[in-house]
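Notes follow the structure.
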Amino acid sequence: MKTSWRSASLAATAVSVMALTAACGSGNVATPSSAAQNVGATAAAGGYGSVGATATASSGSANGYGADGQQAAAAEPAGQLTVASNPDLGKVLSDGAGLTLYRFDADTANPPKSNCDGACATTWPPVPANDATAGAGIDKSLLGEVTRSDGTKQLTVGGWPAYRYAKDVNAGDVNGQGVGGKWYALAPDGKKATLASLPGLSVRKDAKLGDIVVDKNGHTVYRFLKDKAWPEPVSNCLGACAEKWPAVGIVSASDTKGVKKKGLMGFTRPDGVKQMTVNCWPIYTFSGDTAAGQTNGQGVGGTWYAVSPEGKPVGAPAA
C-alpha cells in the first residue's frame, strides 16, 4: 500500500519534533494530528449537500440536501456559544454542545435573510436565537436574530444566519465544511472560518512590543511566568485557566519562520493536552484576542506576556 501524502507529512513532523526533545530533557513528545473531518467537501447542483459528494458522508439515495432519510429534528437551544480550534480551519464557532455552526452563501447578512427552508432546513437546522449567549472570545454585539419565513427567530452572527449540519453528530465535527461550495463553518466574527496563510509559528513586528511570535492565524502567542522549562516543560495553566489561555498545539519545526529552533518542541500535559514550546517554555494564545494582531493578553495578572523569537517574555519585569 502506498503511503498517503498526509501520512508522510505526519511522519516527517514526528521526526523533526523528536529531534528537538533533548534540548529540554523530555522525551514526552506528541506528533500533531488533525481532528478535521471532510474539510472542503463538495456537492452537486442544489448547494445543500448532495449524496456521494462528501468523504465522510454516507452515500445512498439522492435527496439533494446531503442528509438521506433524515427527519427534521427539534430545534435544540444554542446555549452559550464557544470557540473551538480546528487544525484545518482555525477558530470555529460552536454551540453549547460543541456542534459546529455554519453559514450559507445564498443567505445575506445586510440585511440578514435566510434562504434555507423546507428540505434544506432539515439538512441544515437553523439555530434558535432565543437563548444564545456569547462565551469567551466572542463579541456579544455580533449576535443577533432574523425572522424566518415560518415566523421563528434564527440566530445571526455578524448578520449571517447560523445553522447546524445534520451529519455532524459529535462535538468538533465539520462534515458540512464546503458542501456544495456554499456552506462554511462560522468563525467567531461571522466570517468563514479559515486559516491565515502563515506558518504554524512566525514572527510579527508589533508597534509597541517589537518582534513577537504569532500562530498560524496571526494571533499573539504568550508565556505564563508560573510555568517551568527545565529540566522539562511544565504547564501550570490547567482547568479554568486553560479555557482562557488555550495551549498552542504542536507545530513541526519546519513549519516555523523566524523562531529560535533550539528548544522548539512539544510535550504532553497532565490533562492530556499536547502543547508546543518555544525555547522549552509552554506557549498559549488568549481567548480575549478575537482577531489577528491583538495583544489583549499582554501583562494580564502580571504573569502573562507575549513571546520573543528567542522564547523570552516580552515586557516582563526583571526577575
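The values are calculated or read from the model by the stated rules, or taken from the named source; none is laboratory data. These numbers were taken from a predicted model, which means no experiment stands behind them. Glycine also receives a Cβ, built like all others from the backbone with ideal geometry; neighbour counts cover every protein chain displayed. These area figures cover heavy atoms from the full protein model, side chains too; ligands, DNA and RNA do not enter into them. Shrake-Rupley method; radii C 1.70, N 1.55, O 1.52, S 1.80 Å.
Out of all the residues in segment 201-218, which are part of a loop (DSSP other than H, G, I, E, B) and either crowded, with 22+ Cβ neighbours inside 10 Å or at pLDDT below 90 (or both)? Working first, answer last.
Going residue by residue through segment 201-218, those that are part of a loop (DSSP other than H, G, I, E, B) are 207-209, 216-218.
Hits for segment 201-218 are Lys216, Asn217, Gly218.
Of all residues in segment 124-136, those satisfying the criterion of being over 19 Å from Gly151 (Cα atoms) and out of contact with any Asp or Glu (no Cβ under 8 Å at 6 or more places or on another chain) are Thr133, Ala134, Gly135. In this structure, is Ser287 of a type in the set (Ser, Thr, Tyr) and touching a Lys or Arg at 6+ places or on another chain (Cβ under 6 Å)? In short, yes. Within segment 101-123, residues that are without any contact (Cβ under 8 Å) to a residue 24 or more places away in the chain sit with their Cβ atoms under 6 Å from residues that are open to solvent by less than 40 Å² (accessible area, probe 1.4 Å), at 6+ positions apart or across chains, in these pairs: Asn115/Asp107. The lone criterion from (1) touching a Pro at 6+ places or on another chain (Cβ under 6 Å); (2) modelled with pLDDT under 95 left unmet by Pro246 is number (1). Restricting Lys228, Lys257, Lys205, Lys262 to residues that are of a type in the set (Lys, Arg) and touching a residue at least 60 places away in the same chain (Cβ under 8 Å) narrows the list to Lys262. Applying the criterion of being assigned to a helix (DSSP H, G or I) and not small (Gly, Ala, Ser) to the residues of segment 110-161, the residue that is surrounded by the most Cβ atoms within 10 Å (Cβ to Cβ) is Thr123.
Does segment 267-276 contain at least one residue that is under 25 Å from Thr100 (Cα atoms) and free of Cβ contacts under 8 Å to residues at least 24 places away in the same chain? Looking for residues that are under 25 Å from Thr100 (Cα atoms) and free of Cβ contacts under 8 Å to residues at least 24 places away in the same chain, one finds at least one in segment 267-276, hence yes.
Given the residues Thr268, Thr285, which is the only one that is within 20 Å of the chain's Cα centre (by Cα), hydroxyl-bearing (Ser, Thr, Tyr) and under 17 Å from Lys216 (Cβ atoms)? Explain how you work it out, then say what you get.
Details: Thr268 fails: under 17 Å from Lys216 (Cβ atoms).
Answer to the check: Thr285.
Among the conditions (1) touching a residue at least 40 places away in the same chain (Cβ under 8 Å); (2) over 20 Å from Val83 (Cβ atoms), Ala319 misses just one, which is (1). In this structure, Ala240 does satisfy being within 30 Å of Gly158 (Cα to Cα) and without any contact (Cβ under 8 Å) to a residue 24 or more places away in the chain.
For residues that are open to solvent by 30 Å² or more (accessible area, probe 1.4 Å), closer than 13 Å to Asn175 by Cα, among the hydrophobic types (A, V, I, L, M, F, W, C) and at pLDDT below 95, tally how many sit in segment 82-109. Give the derivation first.
Going through segment 82-109, the residues open to solvent by 30 Å² or more (accessible area, probe 1.4 Å) turn out to be 82-85, 87-88, 91, 96-97, 99, 105-106, 108.
With the extra rule that they be closer than 13 Å to Asn175 by Cα, the set shrinks to 88, 99.
Narrowing further to those that are among the hydrophobic types (A, V, I, L, M, F, W, C): 99.
Next, from what is left, pick out any that are at pLDDT below 95: none.
Qualifying residue count for the region: 0.
Scanning segment 167-194 for residues that are open to solvent by 70 Å² or more (accessible area, probe 1.4 Å) and touching a Ser or Thr at 6+ places or on another chain (Cβ under 9 Å) yields a total of 1.
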